[in-house]
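J.: Starting off with a structure, shown below.
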Amino acid sequence: MNSAKIVRRANGGLAARSADAVAPPKPLLSVVVPAYNEAAIIEKNLALLCQYMASLEDECRWEIVFVNDGSTDDTGELAEAFAEGRSNIRVLHHAVNFGLGQAIKFAFKHCRGDYIVTLDLDLSYSPEHIRQLLAKIRDTGAKIVLTSPYMKGGRISNVPWLRRTFSVLANRFLSRLSHSNLSTLTSMVRIYDARFVRGLNLKAMGMEVNPEAIYKAMLLRARIEEIPAHLDWTLQNAAGVKRKSSMRLMRHTVATLFSGFLFRPFVFFIVPGVMMLLLSLYLGAWIVAHVVRHYHLLTQYDWPPARASWAVAAAYNERTHAFVIGGMLLMLAIQLISLGILALQSKNYFEEVFHLGTTVYRYLQDERKAPK
């Protein structure tokens, strides 16, 4: 009896050790940090980032993929010196400055992680958000999790009022066009399911890459989540350096409009087209009223068609500008509405092709990884 108990205990101990041996490894987290002319802050901020990532080692393995996007200062050299002797930090270089989108896409190809976090080197979103992003994507099974200072629980500190106001309006604009409940679509600080984001086939070269990723994820009906975040420019302002890499309002405006066009291209044609149509109809009604008035005044003409023709001629001589402007507005309205319908049709075609292309790409990737 005692020997049987000993055997059962031994078997139980072997089973426990076997379970530990086959326990899945911790997920690998890749942190992508693009940079352009950041020599003033690179060493300090990379050190802060590495220090924080070390505190996550109980939850995940990690690597940092730094992209020097064609910097003309010492950013590349300082990054290489920092990475020397650190096997989990890799530095990639662009010969020229291609833009944020290309830097991120370039990094994605070299990331080995199960999840990918994109982070700005200025640490305007502190590294502490990484833990929250990782927890959210693992708990919810989402494909993308965004940081949002504009949702409930989020906040903003030390951001210039003009930059802050524009950012709020831009994100509301994109949220309306995308028909989503997301409060921030332009934030770069987010986490992706690595396999999913590699299948999105992103095309944007600049800042519009962030809304593009959201747009394509929505097309695939992917789950997208947000966490409240703190956007804080304290470190950036304390540096006392006017950084060229900061998003300029004019460039951001163009990128936002482009992204809005991506979500709802037909709106940019149909809305002004309908407005012009309504204005042309108003002028048309005004013209008809004048024609009717002259019709009743021209009593010397008994034949109704002749009377109507002279009434139109009299109204035209009296209000020539109304006829010209009304006609031009009507033609423009018809053209814009037609372009809007074509844009809607093209968008539907694109969505079908994108679904098909993504499915084929993933099938080929699975086939390539399958054991022979």
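The values are calculated or read from the model by the stated rules, or taken from the named source; none is laboratory data. None of these values were measured; they are calculated from a predicted model. Neighbour counts are summed over all protein chains in view; Cβ atoms, including those assigned to glycine, are modelled from backbone coordinates with ideal geometry.
J.: If I ask for residues that are part of a loop (DSSP other than H, G, I, E, B) and either touching a Cys at 6+ places or on another chain (Cβ under 6 Å) or surrounded by fewer than 19 Cβ atoms within 10 Å (Cβ to Cβ) (or both), which ones from region 171-186 would you list?
T.: His179, Ser180, Asn181
J.: Looking at Tyr361, Tyr295, Tyr316, can you tell me which residue is aromatic (Phe, Trp, Tyr), at pLDDT below 90, out of contact with any strand residue (DSSP E or B) (no Cβ under 6 Å at 6 or more places or on another chain) and over 26 Å from Leu278 (Cα atoms)? I'd like the intermediate steps shown before the answer.
T.: Details: Tyr295 fails: over 26 Å from Leu278 (Cα atoms); Tyr316 fails: over 26 Å from Leu278 (Cα atoms).
Exactly one of Tyr361, Tyr295, Tyr316 is aromatic (Phe, Trp, Tyr), at pLDDT below 90, out of contact with any strand residue (DSSP E or B) (no Cβ under 6 Å at 6 or more places or on another chain) and over 26 Å from Leu278 (Cα atoms), namely Tyr361.
J.: Taking the residues in region 28-40 that are in contact with a Lys or Arg (Cβ under 9 Å, 6 or more places away or on another chain) and surrounded by fewer than 22 Cβ atoms within 10 Å (Cβ to Cβ) as candidates, determine which candidate is nearest to Phe66 (Cα to Cα).
T.: The qualifying residue nearest to Phe66 (Cα to Cα) is Asn37.
J.: Please enumerate the residues belonging to region 173-190 that are at pLDDT 85 or above and out of contact with any His (no Cβ under 9 Å at 6 or more places or on another chain). Spell out the reasoning first.
T.: At the first step, the residues of region 173-190 found to be at pLDDT 85 or above are 181-190.
Result: Asn181, Leu182, Ser183, Thr184, Leu185, Ser187, Met188, Arg190.
J.: What strands (runs of 3 or more DSSP E) lie completely within region 51-170 and have 2 or more residues being hydrophobic (A, V, I, L, M, F, W, C)?
T.: Strands (runs of 3 or more DSSP E) meeting the threshold: 61-69, 89-94, 115-118, 144-148.
J.: Which condition number does Ala204 fail, the rest of (1) farther than 19 Å from Ser126 by Cβ; (2) more than 11 Å from the chain's Cα centre (by Cα) being met?
T.: Only one criterion in (1) farther than 19 Å from Ser126 by Cβ; (2) more than 11 Å from the chain's Cα centre (by Cα) is unmet by Ala204, namely (2).
J.: Quick one: which helices (runs of 4 or more DSSP H) lie wholly within region 260-372 and hold at least 3 residues that are outside the structural domain of Ile214 (by TED's automatic domain parsing) and over 50 Å from the mean Cα position of the chain (by Cα)?
T.: The qualifying helices (runs of 4 or more DSSP H) are 267-297, 304-318.
J.: Now a separate question. Looking only at region 188-215, how many residues end up being over 18 Å from Ser30 (Cα atoms), polar (S, T, N, Q) and crowded, with 19+ Cβ neighbours inside 10 Å?
T.: 0
J.: Can you tell which of Val189, Val168 is among the β-branched types (Val, Ile, Thr) and over 25 Å from Phe268 (Cα atoms)?
T.: Val189
J.: Within region 96-118, is there a residue that is touching a residue at least 12 places away in the same chain (Cβ under 8 Å), farther than 18 Å from Ala213 by Cβ and small (Gly, Ala, Ser)?
T.: No: zero hits.
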